[in-house]
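The values are calculated or read from the model by the stated rules, or taken from the named source; none is laboratory data. Nothing here was measured: the structure is a model prediction, and the numbers come from that model. Cβ placement follows ideal geometry from the backbone for every residue including glycine, while neighbour counts extend to all protein chains displayed.
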Amino acid sequence: MRIAIASGKGGTGKTTVAVNLALSLCGKESIQFLDCDVEEPNAHIFLKPQFDTTRSVDKLLPQVDSDKCTRCGACVEACEFNALALMGGNVMLYDSLCHGCGRCGLVCPTGAISEIPHQLGVVETGTTRGFPFARGLLNVGETMATPIIHALKREIDSSRLAILDAPPGTGCPTIAALHEADVALLVTEPTPFGLHDLKAAVEVARTLDVPTAVVINRAGIGNDQVERYCDEENIPIVLTIPFDRAIAETYAVGTPLVDAVPSWRKRFIKLAEQLKEVAR
Ligand code: SF4
Ligand code: SF4
């Protein structure tokens, strides 16, 4: 089973929920944790894993041999991402637009295009508290997060319950993390902004045919619009975490809530049981 923890935007407590769910289940179930927030992974701050393997995630960039190139423009025409241009009699590549699809090389009539690997980031794997932990890291200056997430998801062991901490937002990286999840656990705040972002996240999950459940974090700071929306849309609210100074302090010092207040563990275990009922 794959549980993806997501939110329409950052800062809602998504990683808090993912980490505490993992710590509540480890020892009870065979689990693994994947931090898919490859632009800003932070689950390691709470879970403190030991990494033992680092794998490079690359894309293949075309390289043009100007001696073989006849400047026919076929590669420029073929590129769907506008990553190539003929300028001053040379084929120019815009690295950041290139998806490494290889199409330009296939259409080149003179075999002038070869491919060279370009690192986008890495996937690190290790363990913490007796369960596997993996995270992706996008290199600074790179924009293509999804290949890292796809590479990270290849670390999923189907015999374990996988907890995926998805990237915030509703863009391609979030979609990559949610794809093929059995359930999306959406973390939100009870505010108009929270509701707006929750609706967007629900939309994405529904497009991917992934069932949803909601955690309301910082309950008490806003209104009941999120609850009413969930009721109307038949989305179960599986946990409510109050706005509480003591909880915020555990987060600030990098201590998981269930370590600081062990009584929370049974609430997360119950949450997992509810998710199994929601899952497709
Ligand atoms: S590899 Fe694909 S995306 Fe990159 S330049 Fe060639 S055709 Fe365009
Ligand atoms: S398709 Fe090949 S020969 Fe034609 S412009 Fe591109 S690299 Fe040069």
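Assorted remarks:
- Across region 69-109, the number of residues qualifying as charged (D, E, K, R) and near ligand 2 (Cβ under 7 Å from one of its atoms) comes to 1.
- Flag for residue 104 being crowded, with 18+ Cβ neighbours inside 10 Å, within 15 Å of ligand 1 (Cβ to nearest atom), modelled with pLDDT of 95 or more and of a type outside the set (Lys, Arg): yes
- Filtered by the rule that a residue be charged (D, E, K, R) and within 19 Å of residue 4 (Cβ to Cβ), region 205-242 gives 206, 209, 233.
- Residue in region 248-266 that is in contact with a Gly (Cβ under 9 Å, 6 or more places away or on another chain) and either assigned to a helix (DSSP H, G or I) or on the phi < 0 side of the Ramachandran plot (or both) present: yes
- Only one of 52, 58 that is assigned to a strand (DSSP E or B) and within 16 Å of ligand 1 (Cβ to nearest atom): 58
- Of all residues in region 61-101 being more than 8 Å from ligand 1 (Cβ to nearest atom) and among the acidic types (Asp, Glu), the one that is surrounded by the fewest Cβ atoms within 10 Å (Cβ to Cβ): 67
- Restricted to region 53-68, and to residues there that are farther than 16 Å from residue 105 by Cβ and hydroxyl-bearing (Ser, Thr, Tyr), the residue that is nearest to ligand 2 (Cβ to nearest atom) is 56.
- Qualifying residue in region 118-129 (condition: free of Cβ contacts under 8 Å to residues at least 40 places away in the same chain and either within 13 Å of ligand 2 (Cβ to nearest atom) or surrounded by fewer than 14 Cβ atoms within 10 Å (Cβ to Cβ) (or both)): no
- Condition check for residue 39 on (1) more than 15 Å from ligand 1 (Cβ to nearest atom); (2) in contact with a helix residue (DSSP H, G or I) (Cβ under 7 Å, 6 or more places away or on another chain); (3) under 20 Å from residue 145 (Cβ atoms): one failure, at (2).
- Residue that is out of contact with any Phe, Trp or Tyr (no Cβ under 8 Å at 6 or more places or on another chain) and closer than 12 Å to residue 188 by Cα, where the choices are 278, 214, 261: 214
- Where a residue in region 144-163 is crowded, with 21+ Cβ neighbours inside 10 Å and its partner, wherever it lies, is modelled with pLDDT of 95 or more and of a type in the set (Ser, Thr, Tyr), with Cβ under 7 Å and at least six apart: 161/30
- Residue in region 23-35 that is closer than 25 Å to residue 248 by Cβ, in the same structural domain as residue 270 (by TED's automatic domain parsing), small (Gly, Ala, Ser) and under 16 Å from the mean Cα position of the chain (by Cα) present: no
- Check on residue 186, closer than 30 Å to residue 54 by Cβ, surrounded by 16 or more Cβ atoms within 10 Å (Cβ to Cβ) and under 16 Å from the mean Cα position of the chain (by Cα): no
- Restricting region 14-27 to residues that are surrounded by fewer than 23 Cβ atoms within 10 Å (Cβ to Cβ) and out of contact with any helix residue (DSSP H, G or I) (no Cβ under 7 Å at 6 or more places or on another chain), the residue that is farthest from residue 151 (Cα to Cα): 27
Residues are listed down the side, and each one gets a yes or a no for (1) touching a helix residue (DSSP H, G or I) at 6+ places or on another chain (Cβ under 7 Å); (2) of a type outside the set (A, V, I, L, M); (3) closer than 30 Å to residue 33 by Cβ:
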{"site": "62", "(1), (2), (3)": "yes, yes, no"}
{"site": "72", "(1), (2), (3)": "no, yes, no"}
{"site": "77", "(1), (2), (3)": "no, yes, no"}
{"site": "83", "(1), (2), (3)": "yes, no, no"}
{"site": "86", "(1), (2), (3)": "yes, no, no"}
{"site": "94", "(1), (2), (3)": "no, yes, no"}
{"site": "112", "(1), (2), (3)": "no, no, no"}
